[in-house]
1. Keeping all protein chains in position, work out how much accessible area Val65 exposes to a 1.4 Å probe, and write it in Å² to the nearest 10.
2. Between Ser41 and Ala88, what FRET efficiency follows from the Cβ-Cβ distance if R0 is 51 Å, with the result rounded to 0.05?
3. At a 10 angstrom cut-off on C-beta neighbours, averaged per residue, how do the peptides 196-204, 228-236 rank from highest to lowest?
4. Give me the extension gain from Ser149 to Glu97: residue separation times 0.36 nm, minus the current Cα-Cα distance, reported in nm with one decimal.
5. Which percent of Cα pairs goes in each bin when the distances of region 204-247 are cut into 10 angstrom slices starting at zero?
6. Could you give P(r) for region 139-237, binned at 10 Å from zero, as whole percent values over all Cα-Cα pairs?
Amino acid sequence: MDDIVNQVQKVRASNLSVRIDEGNGKDEISELAQNFNRLLSHLENAFELQQTFVINASHELRTPVTSIIGELEVTLNKARSTEEYERALQSALTDAERLNETISSLLELAQVDMSYTQAALSPVAIDELVWEIADYWTHKMGKGFFAVSVQHLPEDPEKLLIPANKSLLTIALNNIISNAYKFSGDKRVQCDLYANEKFIRIAITDSGIGIPTEETEKIFQSFYRGTNVKAYHGSGIGLYITSKIINLFGGSIDVQSSDKGTVFTIFFPI
């Protein structure tokens, strides 16, 4: 117990990545250490979300604003033709749309941050959640554009429940699906659900442009955008948010990609 107390006293906001020695994992002291480590993990992720918002918000907002101001200042510097004014206004509109998208992404990040730190966990039935999301995207994209395949379900429906926040899980899955449509030109998206007595697996497959192999480890970083998506609007926040949410509820996320499409696989142990 003294060892645990000494280790706890060394924890600071600057080193939330440290973990307490859990010992042999078979007694009450080990259980206490395990619970404390779960708390540290939760705090570490919450702090990281807050820091990401503060550090990146000013930069991501300033860039398009600076571009708009510069474009308009140059345009107003002298009289120009109607075509030149139209080009300048179109450029300003493009930057304004980018700014609006960035603000929306930052607001989503702030919402996730708030829910992350205040989330009350409750049992979420993953199969029901998948069908609700399927209904949403079918209504949005049209019949046949979002396909669900239930590959296997456990006999005990309790095995489909995970302690989570339903709103956050919905955000996480919708971020992946939204990207699937964006980078495939609105082609059909496939969602496969497999669950047994030990784990739940959700695989979301698209037919998009794919992710370069050397970049698959980077796409979950905040504000990272792949080298092959420059022509697409985006802020690079969505997958970062998704990974944080999945990790919060004890899951993991994997990505496999080629130039023919991408598969995101989400895994929750039971």
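1. Spelled out: Val65, probe radius 1.4 Å, area about 60 Å².
2. Working: r = 50 Å, r/R0 = 0.98.
FRET efficiency, Ser41 to Ala88: 0.55.
3. Values: 196-204: 16.3, 228-236: 14.3.
Put in order of decreasing packing, that is 196-204, 228-236.
4. Contour length minus the Cα-Cα distance gives 15.1 nm.
5. Reading the bins upward from 0: 26, 59, 15, 0.
6. Bins of 10 Å from zero give 13, 38, 34, 14, 1 percent of pairs.
The values are calculated or read from the model by the stated rules, or taken from the named source; none is laboratory data. It should be emphasised that the depicted structure is a prediction, and the values quoted were computed from it without experimental measurement. Here Cβ is always computed from backbone atoms with ideal geometry, including for glycine, and neighbour counts include all displayed protein chains. Accessible surface is based on the protein model in full, side chains and every heavy atom, while ligands, DNA and RNA are left aside. Shrake-Rupley method; radii C 1.70, N 1.55, O 1.52, S 1.80 Å.
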